[in-house]
Amino acid sequence: MKNKTIIITTLICLVPIIFGLAIYDKLPEQVPTHFNFEGEPNGYSSKAFAVFGLPLMMAFFNLLLVFALNTDPKRKNYSPVIEKISLYIMPVLSILMSALTYFKALGSNVPITSITMTFVAVLFIVIGFYMPQIKRNYTMGIKLPWTLDNDENWEKTHKLGGKLCIVAGVILFLNVFIKSIVIFVATLIIVAIVPMVYSYMIYGKTKENSAENSSF
């Protein structure tokens, strides 16, 4: 990965500091930095943390992610699109989170839940579309002992995972209008658990077939 890309993504993470400094005197001493499902503030931090801490934290996470991507011995197996998403997810989140925090702190009635859920829905759909293209690696994808051990298991699990992500993205987008926390949580749980169970079933079947073949 080029140093230029690392520098650019890290600097983008820090962009909210510039806007934060521009409105620093207008921000209250305590700024809302955590919100419930209805978009109402339920956690506050100092404005210094909101302006400096959040972007710096996202920049740090970005560097950790870049390090993980760079040191993966199977990096050549990445999907180019998913790799781009991985590289720019932290910068986008840094700007989005800081923007929502600033607007809320200044009294704007920003629909945080709708914006967040739309972002997650689009992310799920895009990831789901490209997930089947990811080959076996140690950083991105559905990394389970059974998928990492077998190419066929990996491919089948990621095909199913991709379809589930697309369906989940559509459901989450519709949920922007329904605003049901039950639908939101249930969708995330299903997307997380079903591929794991499916992968283990493939593993069990493969192991059983191997045992039968070795007995002959």
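The values are calculated or read from the model by the stated rules, or taken from the named source; none is laboratory data. Note that the coordinates shown come from a computational prediction; the quantities given were computed from them, not determined experimentally. No Cβ is skipped: glycine too gets one built from the backbone with ideal geometry, and neighbour counts run over all protein chains shown.
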**Request:** May I ask you to say which residue of Glu208, Glu155 is surrounded by fewer than 14 Cβ atoms within 10 Å (Cβ to Cβ), part of a helix (DSSP H, G or I) and either basic (Lys, Arg) or at negative phi (or both)?
**Result:** Glu208
**Residues being surrounded by 15 or more Cβ atoms within 10 Å (Cβ to Cβ) and among the small types (Gly, Ala, Ser) - total across the range 158-205** = 5
**Single match in Pro73, Pro80, Pro16, Pro28 (criterion: touching a Pro at 6+ places or on another chain (Cβ under 7 Å), at negative phi and not assigned by TED's automatic domain parsing to the domain that holds Thr118)** = Pro16
**Complete:** Per the list (1) crowded, with 19+ Cβ neighbours inside 10 Å; (2) free of Cβ contacts under 8 Å to residues at least 40 places away in the same chain, residue check on Ile127 breaks on (2)
**Request:** Sort through Lys74, Lys84, Lys104 and tell me the only one that's closer than 24 Å to Phe184 by Cα and among the basic types (Lys, Arg).
**Result:** Lys104
**Fill in**
Sole miss for Lys76 among (1) part of a strand (DSSP E or B); (2) over 20 Å from the mean Cα position of the chain (by Cα) is condition (1)
**Asked** Out of (1) over 14 Å from the mean Cα position of the chain (by Cα); (2) closer than 18 Å to Phe37 by Cα, what's the single condition that is false for Val120?
**Response** (1)
**Asked** Taking the range 59-79 as the search range and keeping residues that are within 17 Å of Met97 (Cβ to Cβ) and touching a residue at least 12 places away in the same chain (Cβ under 8 Å), which one is surrounded by the most Cβ atoms within 10 Å (Cβ to Cβ)?
**Response** Asn62
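Among the listed residues Leu56, Leu21, Leu69, Leu14, identify the single one that is of a type outside the set (Ser, Thr, Tyr) and modelled with pLDDT under 90.
Leu69
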**Prompt:** Could you list, in sequence order, the residues of the range 111-137 that are part of a loop (DSSP other than H, G, I, E, B) and either out of contact with any helix residue (DSSP H, G or I) (no Cβ under 7 Å at 6 or more places or on another chain) or not assigned by TED's automatic domain parsing to the domain that holds Thr147 (or both)?
**Reply:** Pro111
